[in-house]
């Protein structure tokens, strides 16, 4: 039997995980909860929290709303899972990626700066997602807690790297604050500007250490 697809074009990042069959002349898709979570992040980064609603997400995926309720009790449950995924992918995922690549503390620091604000794991990471999460955190105390937890983990990793580079605990925390806040502030900048900031920060750190 010939396979067909009708209806809205599915989200491009999800197409490989969708299967189609024919029943009554209409395509039937099988989606996983992660497909909805990814679609939620894509909408959040592009249009903000107001776009994270069941009906428009279903349209973007080319399915009915009934598919959503197969995986989630309600929209609040989707949002909870989105926040959990963001913490795991945009913070722990970045740290794990840096550690997996390895290298000296200075090389890992450089790799970390390169990944922060990048699009290496879209739609979970990236400037649009991070800015949208921070905007969401101003409206939702649960998201604000998750954001603080993520910021603390990022700051602590910066500090660990500086201690490994030979800085005292106090000096490591001072440098960690500088790098953490500078990288946060650069998230909304262009890719070239973010790269320039990373290079400048590393140069200033080397100059301050007399190297």
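Rule-based calculations on the coordinates, nothing more; no lab input. Fair warning: this is a prediction, and the values are worked out from it, not measured in the lab. Cβ: placed from backbone, ideal geometry, glycine included. Neighbour counts: every protein chain shown.
Observations on the structure shown:
- Sorted by Cβ density within 10 Å, fewest first, the residues 207, 61: 207, 61
- C-alpha center-to-center spacing [the range 127-149, the range 69-83] in angstrom: 17 Å
- Put in line by how crowded their Cβ is, counting other Cβ atoms within 10 Å and starting with the fewest, 94, 116 read 94, 116.
- FRET efficiency for residue 200 and residue 97, using Cβ-Cβ distance with R0 set to 30 Å, rounded to 0.05: 0.85
- Its residues counted as N, the range 80-208 yields a C-alpha radius of gyration over 2.2 N^0.38 Å of 1.02.
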